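Structure, as structure tokens:
The values are calculated or read from the model by the stated rules, or taken from the named source; none is laboratory data. Treat the numbers as computed from the prediction; the structure is a model and nothing was measured. Glycine gets a Cβ as well: all are built from the backbone with ideal geometry, and neighbour counts include every protein chain shown.
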Amino acid sequence: MIKEISVEEAIKMLKGDENVILLDVRTQQEYYTEHVKGSKWIPLDQVSYRLQELDKKKAIFACFCRTGHRSFKACEFLKENGFEELHNVKGGIEAWKQAGYETVKNSMEEYQGSFASVNSGVN
């Protein structure tokens, strides 16, 4: 089942469980322009051949894109391929920013650390 969650619910999940992965399925240009620190970036058109990068037994996936449409498609694809704990973040990065949470701008940095310390506060 794919559960639609708010940004606030995603933040709680990310802070409460180190096995949660925030999967960003936007394009390279979108990710470079602005992304959430600690997110795993796999563009939607690459998800099908990069499944081995995602551990379906260990992680709960909170997927997001710009507004939530592409990420829902990613969740559907992951579900069809045996992933169980899937959550689509309603409103995507736009809702994230509206809620006042930080983003990294103009960077392709790959941060793989714990998400718990990344967004401990709002701007």
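Taking each residue of the range 60-72 that is without any contact (Cβ under 8 Å) to a residue 24 or more places away in the chain and more than 14 Å from Q28 (Cα to Cα) and looking for partners that are surrounded by 18 or more Cβ atoms within 10 Å (Cβ to Cβ) and among the small types (G, A, S) with beta-carbon atoms closer than 9 Å, six or more apart or interchain, yields H69/G92. Checking each residue in the range 70-90 for being in contact with a helix residue (DSSP H, G or I) (Cβ under 7 Å, 6 or more places away or on another chain) and either surrounded by fewer than 17 Cβ atoms within 10 Å (Cβ to Cβ) or under 10 Å from L44 (Cα atoms) (or both) picks out R70, S71, K73, A74, F77, N81. Per the conditions (1) out of contact with any Phe, Trp or Tyr (no Cβ under 9 Å at 6 or more places or on another chain); (2) farther than 19 Å from S107 by Cβ; (3) of a type in the set (S, T, N, Q), the sole criterion not satisfied by T27 is (2). Name the residue that is nearest to G92 (Cα to Cα), counting only residues in the range 10-51 that are part of a strand (DSSP E or B) and among the acidic types (D, E). The qualifying residue nearest to G92 (Cα to Cα) is D24.
With the condition kept exactly as written, say whether any residue in the range 5-28 is farther than 16 Å from T103 by Cα, modelled with pLDDT under 90 and touching a Gly at 6+ places or on another chain (Cβ under 9 Å). The answer is no; no qualifying residue exists. Of all residues in the range 40-52, those that are under 15 Å from Q28 (Cα atoms) have Cβ atoms under 8 Å from Cβ atoms of residues that are acidic (D, E) and surrounded by 15 or more Cβ atoms within 10 Å (Cβ to Cβ), 6 or more apart or on another chain, in K40/D24; W41/D24; I42/D24.
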